[in-house]
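Scroll down for the structure; my scribbles are underneath it.
The values are calculated or read from the model by the stated rules, or taken from the named source; none is laboratory data. Just so it is clear, the model here is predicted, and its values are computed rather than measured. A quick note on method: Cβ atoms are made from the backbone with ideal geometry, for glycine too, and the neighbour counts reach across all protein chains shown. For the accessible areas, the whole protein counts, side chains as well, though only heavy atoms, and no ligand, DNA or RNA atoms are used. Shrake-Rupley method; radii C 1.70, N 1.55, O 1.52, S 1.80 Å.
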Amino acid sequence: MAPVPSCPAEAIPLHDTTDPADPTVDLAEAEEFLRLHHAEHPELGPIEHRLAEVHAEVAATGTYRHTPDELTFGARVAWRNSARCIGRLYWRSLKVRDLRDLRDPKEIADECVEHLKLAGNGGKVRPVISVFAPDEPGRPAPRIRNEQLIRYAGYPGSDGGVLGDRRNVELTAKAVEMGWRPPARRGPFDVLPLIVERDDAEPALVELPPDAVLEVPIGHPELPWLADLGLRWHAVPAISNMRLRIGGIDYPAAPFNGWYMGTEIGARNFADVDRYDLLPYLGRRMGLDTSSVQTLWKDRVLVELNRAVLHSFNRAGVTITDHHTESDRFLTHLKKEEAAGRSCPADWTWIVPPMSSGITSVFHRYYDKRELVPNFFPGDTKGVCPVIH
């Protein structure tokens, strides 16, 4: 959320019109962005001088460099335009870290560690984006292979099962191939190292230090045995394999985060069959009749699992939101955008929460699905599909 992580991500437009065969910046897109920046900041004065600068720079180099103010505005508007993000009410609060001069994979990985510490903020999670070097004509920028800065390993077993997060089996294998050594006693929540790559440099494999990974142990207010299962989840959902596009310039390494909406963890990460798939086990532990879906045992388990997530984060003093509150906040954001004379694109299939959908305030209406820029687009990290949960 997120970029609150409830951006189911919120943040992944359906397509991109970029032509990779033409690396030169599209001046029309650049002009459109610059005019938007000046229109929303009239104190900047006439735009003609800035347009002339950009035209000259593109003519000479094929690209141009955003001013710090343009970068900050562009990153925030990219969040504002993210049709799949429910948590955009606080788009103006996004802290933008301008790290565009960094191209070395190891330095980028180290700054990602700092990003996590800054965003975690002792549990008072802050929306942060760290923007590294952009793509330039003939000079691709570094990429972060991890979907999020914090990912849990997935270890395939001989029986066909997986210990850990099924989503990350391929990433785990890549990390091992690069030299990562899993813990001697493997577990379901082993934190994977960061992998940062650049075409003309050695890739970086950097393990996250414990003080950069704020985690919450999961318990339940009325089911004490659930705490004994050892479930936990990290507090900062920093999406790291998406491409930030501002005014025709692509920033392929620009990890960003908000805070979690509880259903992202309880109704997706823990519940999806291609993730931790906990519902059958928890249903049996709760003594429910799992012989037929008509007993609604899955629904009952899902509610208690989501109660456990919210209870645990709140008990630990770590920022989280629930799907009812966030739905109401989104409609508040939509009204503010309409009052400002702006379109507020939203993809219904992502805005509507994955639990109790029909009783949330975002369910009973349609939305504008136009794709606007600046925005976040799926990255090109060797076929890895973006995910935000």
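Under the 0.36 nm per residue contour assumption, what length would be gained going from the current alpha-carbon distance of LYS336 and ARG370 to full extension?
Gain on extension, LYS336 to ARG370, equals 10.5 nm.
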Taking θ as phi - 60°, what are the ³J(HN,Hα) couplings along the stretch 49-59 by the Karplus curve (6.51, -1.76, 1.60), each to the nearest whole Hz, with x for Gly and Pro? 5, 5, 4, 5, 4, 5, 4, 5, 5, 5, 4
Taking the Cα centre as origin and putting +1 on Lys and Arg beta-carbons and -1 on Asp and Glu beta-carbons, what dipole magnitude results for the stretch 132-277, to the nearest 20 debye? 40 debye
Under 15 Å from the Cβ of ALA340, count the other residues' Cβ atoms, weight Lys and Arg +1, Asp and Glu -1, and hand me the total. +3
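Sort LYS335, LYS117 from largest to smallest accessible area, using a 1.4 Å probe on the heavy atoms of the protein chains.
Details: LYS335 140, LYS117 75 Å².
Per-residue accessible area, sorted high to low, gives LYS335, LYS117.
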How high is the relative contact order of the stretch 91-220? Use alpha-carbon pairs under 8 Å, at least six apart in sequence, and give a whole percent. 29 percent
In the stretch 109-214, which chymotrypsin sites (Phe, Trp or Tyr not before Pro) are in a loop and have at most 11 other Cβ atoms within 10 Å, using DSSP for the loop call? none
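Quick one: grab the alpha carbon gyration tensor of the stretch 28-186, order the square roots of its eigenvalues as a ≥ b ≥ c, and give me rounded if a/c is under 1.5, else prolate or oblate depending on whether a/b is larger than b/c.
prolate
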Starting at the first residue of the stretch 338-345, write each ³J(HN,Hα) from the Karplus equation 6.51 cos²θ - 1.76 cosθ + 1.60 with θ = phi - 60°, in whole Hz, x for Gly and Pro. 5, 5, 7, x, 10, 6, 10, x
Partners for LYS106 among aspartates and glutamates (Cα-Cα distance below 16 Å; same-chain residues under 8 apart left out): GLU114, GLU197, ASP199, ASP200, GLU202, GLU207
Amide H proximity to ALA271 below 5 Å, modelled H, separation 5+ or other chain, gives TYR276, ASP277, LEU278
Entries of LYS95/LYS336; LYS124/LYS174; LYS95/LYS117; LYS336/LYS369; LYS124/LYS298; LYS298/LYS335 with Cα pairs more than 24 Å apart: LYS124/LYS174; LYS124/LYS298; LYS298/LYS335
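If you roll a 1.4 Å probe over the heavy atoms of the protein chains, what accessible area per residue do you get for the chain, in Å²? Mind showing how you got there, number by number?
Working: 16800 Å² over 389 residues.
Value for the chain: 43 Å² per residue.
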